[in-house]
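Structure first, then comments.
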Amino acid sequence: MTTHVLIACSKSKVAPPEERMIWTSSTVLESWNKEWHDQKTTFRADELYTGRSFKQQLKIATTSKEVKLYIISAGAGLIPFDVEIPSYESTFRLGMGPKVTEWHLLPFGGVTNLELDPKDKIISFAPPKYHQALLNDPDINSIKNQLIVPSTSPLSPIASSIIQIHPRSKEVLGISSSDLNTEFLRMFLSNGLTDFHSMEKECDHLPPKVERKPISDDELLSLVKSLKSIKTLNGLVRHLRDNLKIKASVERISDARKLAIDD
């Protein structure tokens, strides 16, 4: 049995794209596909993307047994990790890439690229827009009986197996939201559902969640500027969240801190 792993591409790449390979509001699917096939400079897909989450998930998947890896790309479709592709810039944001309903018409096509045996499984932990693209693939029903996704995924209503994700999972795992999909992939490929069941039990035994006060970006920046005496990001996060009961992610606090330092 092979486990087919579908991971999201990353915006950051080893080389900038040619201007013709940057999707703009005037780009149409036909011209994009033509320019794609006309490109002479290409890179192996697993070497092109340099995003941290992508590189971590790539390593997890390629070092696991009986795994076949594919990349959900907003510019290419569903691509095997070891094919040659050009550098490009395309996302699922409006005017910066294809509609999710067009995704399967990109150069590599959609879920029909998956070569499945009856006992094979497909697992994917990816941002919602990527799963929405899969959901809108007209051939999605051909793989739904072998599809495993988290309960938070847009694909969960049709998938054969759902992994329940507790809303407080990142507290138990001690990681940021941006690292959740990577950790979930590691957990699944290492121990199947065992770690997820253990995580859910730990989440159920957490103390009541602390109510924190929402704060705007401008208010957060002003507050961070007043706390310049706190020299580390971790110390600042702990003070804002634990002592002042401010509702702000680590990423927002980090961004505000960088602005405060540069000011």
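The values are calculated or read from the model by the stated rules, or taken from the named source; none is laboratory data. Keep in mind that this is a model prediction, so the values were computed, not measured. Please note: Cβ atoms are built from the backbone with ideal geometry, for glycine as well, and neighbour counts cover all protein chains shown. The protein model used for the area step is the full one, side chains on, heavy atoms only, and it has no ligands, DNA or RNA in it. Shrake-Rupley method; radii C 1.70, N 1.55, O 1.52, S 1.80 Å.
Counting each pair of different Cα atoms once, what's the Kirkwood radius of the chain in Å, rounded to one decimal?
Radius from the Kirkwood sum: 20.4 Å.
By how many degrees, 0 to 90 and rounded to 10, does the Cα axis of helix 250-262 deviate from the longest principal axis of the chain?
Taking the Cα atoms of the chain, the angle to 250-262 is about 70 degrees.
Taking a 1.4 Å probe, which of Phe196, Phe81 shows the most accessible area, and what order do the others take after it? Each step should come with its number before you reach the end.
Values: Phe196 5, Phe81 55 Å².
Greatest to least solvent exposure: Phe81, Phe196.
Could you give the accessible area per residue of the chain, probe 1.4 Å, as a whole number in Å²? Walk me through the numbers on the way to the answer.
On the way: 14240 Å² over 263 residues.
With all protein chains present, the chain gives 54 Å² per residue.
Give me the percent of the accessible area of the range 1-149 that comes from carbon and sulfur atoms, probe 1.4 Å, all protein chains in place. Please report the intermediate quantities before stating the final value.
Values: 3750 of 7370 Å².
C and S atoms contribute 51 percent here.
If each Cα of the range 176-263 is one equal point scatterer, what is log10 of I(q)/I(0) from the Debye formula at q = 0.11, 0.20, 0.22 Å⁻¹?
Values returned for q = 0.11, 0.20, 0.22 Å⁻¹ are -0.44, -0.93, -1.01.
How big is the range 70-146 in terms of Cα radius of gyration and Dmax, in angstroms?
Looking at the range 70-146, its Cα Rg and Dmax stand at 12.3, 40 Å.
Order these peptides, 150-163, 208-221, 107-120, by their mean beta-carbon neighbour count within 10 angstrom, highest first.
Averaged packing, sorted descending, gives the order 150-163, 107-120, 208-221.
Please report the antiparallel percentage of the DSSP beta bridges confined to the range 1-150, to the nearest 5.
Here the antiparallel bridges make up roughly 35 percent for the range 1-150.
For the range 92-197, take every pair of Cα atoms, bin their distances at 10 Å starting from 0, and report each bin as a whole percent.
Final binned percentages: 13, 43, 32, 12, 0.
In the chain, what % of DSSP beta bridges are antiparallel (nearest 5)?
Rounded to the nearest five, the antiparallel share is 30 percent.
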